[in-house]
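What follows is one structure encoded as structure tokens, with my remarks underneath.
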């Protein structure tokens, strides 16, 4: 993760910078959209003061990889006292999330297009009151392990970005993600405050939760979904 939020490496190209922008119908939609879409270049502009995005000062909570936005929009509705931001890299998913947020009618949620590997560019030390990573890509083969987002570097960033007493919550169908995060965080200022090896049978080990789309799919297949909560100490 990038540790200096003002040294922006992420680029958010405009349609004019593509050879044929019409190949992706979501590209132009993204650049024409207003709230709840927050373009990556604007996230860079406002990351030092998120209140300018939401029009209020409130706890900041981030979901990395919200997919179609079902969980993001739902949590923003349940937790209306927080400002919620989803981070996706694909234009289509950004726009799907935006539609979910609009359908809910919540004003405290935004979706930005940004590379999760560069999340440290826009979230500095003690900037988050909550972090959510639901079903990150498993990259199950050993040779693919380096592509997994939940690596040591990400865990170090999370331990710095989260405020003391705030939590990082993970749901995954790939148990190795849980085991790896626990190992990576052994010497970091985290305490394990919740763990469940089958959320579909026993529920999440925390209050205020929404069943994700992937969670529903694995429940239908009779497969477990694992959960872990780490709290910054």
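Things worth noting here:
- With Cα atoms, 0 to 90° folded angle of helix 175-184 axis to the chain main axis: 90 degrees
- Segment 84-151 and segment 170-220 have Cα centres separated by 17 Å.
- Gaussian network model of the chain, springs between alpha carbon atoms under 10 Å - residue of 60, 118, 221 with greatest fluctuation: 221
- Shown for 150, 162: other C-beta atoms within 10 Å of each C-beta, ranked fewest to most, produce the order 150, 162.
- For segment 101-152, projected area of the alpha-carbon convex hull averaged over all directions, nm²: 5.4 nm²
- Share, in percent, of DSSP beta bridges within the chain that are antiparallel, nearest 5: 35 percent
- Segment 1-125 shape via C-alpha gyration tensor axes, a/c threshold 1.5: oblate
- The mean sequence distance of close C-alpha pairs (under 8 Å, at least 6 residues apart), as a share of the length of segment 8-79, puts its relative contact order at 19 percent.
- Across segment 60-153, the relative contact order, built from alpha-carbon pairs under 8 Å that are at least six residues apart, equals 33 percent.
- Over segment 81-233, relative contact order from alpha-carbon pairs under 8 Å, at least 6 apart, %: 22 percent
- Helical contribution to [θ] at 222 nm, DSSP H n ≥ 4, -39,500 (n - 2.57), averaged over the chain, rounded to 500: -8500 deg cm²/dmol
- Counting beta carbons within 10 Å around each of 177, 184 and listing the fewest first gives the order 184, 177.
- Shape call, segment 66-175: gyration tensor on alpha carbons, a/c limit 1.5: oblate
- The alpha-carbon atoms of segment 118-233 define a convex hull whose volume equals 103 cubic angstrom per residue.
- In the chain, Rg over Rh equals 0.95, where Rg is the alpha-carbon radius of gyration and Rh the Kirkwood radius from pairwise Cα distances.
Only the coordinates and a few stated rules stand behind these numbers; no lab work does. None of the values given here were measured: they were computed from a predicted structure. Note that we place each Cβ from the backbone using ideal geometry, even for glycine, and neighbour counts take in every protein chain shown.
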